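Chemist: I have a structure I would like to understand better, so I am pasting it below and will then ask my questions one at a time.
Every read-out reported here was derived from the displayed coordinates using simple, explicitly stated rules and does not represent laboratory data. Small disclaimer: the values here were computed from a predicted structure and weren't measured.
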Amino acid sequence: MVKRLALLLVLVLLVGSSVHTTLPLRAEGKTIIVPDDYPTVSSAVKNAIDGDTVFIKNGTYETINQTLVINKSITLQGENSETTTINP
């Protein structure tokens, strides 16, 4: 009886140690700040990945005859709608 109980305990420990559970991770995007992290809005958008936020501090930013193309799922947020401007 003791041998069976010991064998059962060893079996339970072996089975329990071989079972792996994986938990899903929730990846959160980072915040990229213009001009602290990148000097231009274009460079910040270019370096952002899906889920990131590009936060633009107050000021006027020039795109220098470029069209600002955003082809990924990011958030583009200005510090203040009245004092943050992006000029084409």
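Chemist: Report D for the chain in µm² per second (integer): Stokes-Einstein, Kirkwood Rh on Cα pairs, 25 °C, 0.890 mPa s.
Modeler: 147
Chemist: Under 26 Å from the Cα of Lys72, which lysines turn up, not counting those fewer than eight places away in the same chain?
Modeler: Partners found: Lys30, Lys46, Lys57.
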